[in-house]
Amino acid sequence: MNLTLNLTGLLDDAKCFDFVRAHRWPEGVRCCKCDSDSVLRNGHDDAQPHRQRYLCKACGCRFDDLSGTVLAGRHQPLQVWILCLYFMGLNLSNRQIAQELGLNESDTQEMTRQLREDFARKTPQVVLSGEVEIDEVYVVAGHKGNPAAVEKKPRRTAQPLARRAGTRHDGKGKAADSWNNTARWTSRPERS
């Protein structure tokens with residue numbers, strides 16, 4: 001039995017906008033422009049009835065649930081963005097996310113890039129202070145942790161051509177065959 005599941009059908013707009021509000025303003029809605037907490041609800045979006053509009057009493061700014069976020073003004077529905085975030089959290093590849101959401105891979109690539117950049121922009125910079133401790137570091141140059149393999153070995157001295165090739169020269173630039181004398185030139189005498 002082949003069971004396919006339409007994940008976008010499991011999430012409705014109301015749940016998605018509730019999710020955005022809960023994560024964007026855990027302490028209550030604040031103005032996008034002046035960060036004031038004196039904000040009034042000001043109706044709903046015509047195309048998306050669960051998208052709340054707001055009016056700031058301090059500066060008069062009008063905004064909604066998605067204003068000032070990476071999700072504002074996007075052509076994909078909010079459900080798709082929420083599921084994309086979920087799949088990114090599961091460490092799925094862009095190809096797998098595209099297959100799960102029924103999207104083009106290039107669209108998924110652009111969505112994940114925008115989400116990652118937004119997270120990187122909003123992540124506070126880490127500042128170290130006080131006493132900072134680190135572990136020691138052991139670095140081995142090459143050969144996958146085998147330092148003996150990278151030790152310098154003594155150079156071999158060059159041997160005359162006649163000894164290496166098993167031939168001898170006749171003094172006129174020609175090599176004479178020394179088949180009978182090969183053992184004398186190439187092998188070492190045994191020591192007793």
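Tabulated data for the structure shown
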quantity: Per residue, the convex hull volume that the Cα atoms of region 1-106 enclose (Å³); calculated: 127
quantity: Charge sum, other residues only, whose C-beta stays under 12 Å from residue 13's C-beta, Lys/Arg counted +1 and Asp/Glu -1; calculated: -2
quantity: Centroid-to-centroid separation of region 19-82 and region 95-119 [C-alpha atoms, Å]; calculated: 23
quantity: Cβ-based net charge around residue 48, under 10 Å, with every Lys or Arg adding one and every Asp or Glu removing one; calculated: -4
quantity: Sequence-separation-based contact order of region 20-67, relative, with Cα cut under 8 Å and 6+ spacing, percent; calculated: 32
quantity: Size of electric dipole in region 70-118: Cβ of Lys, Arg +1 and of Asp, Glu -1, about Cα centre, debye, nearest 20; calculated: 40
quantity: Overall form of region 20-67 per C-alpha gyration tensor (a/c, 1.5; a/b vs b/c); calculated: oblate
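Where a number appears in this text, it was derived from the coordinates with a stated rule and is not lab data. Source: prediction; values computed, not measured. Note that each Cβ is placed from the backbone with ideal geometry, even for glycine, and that neighbours are counted across all protein chains shown.
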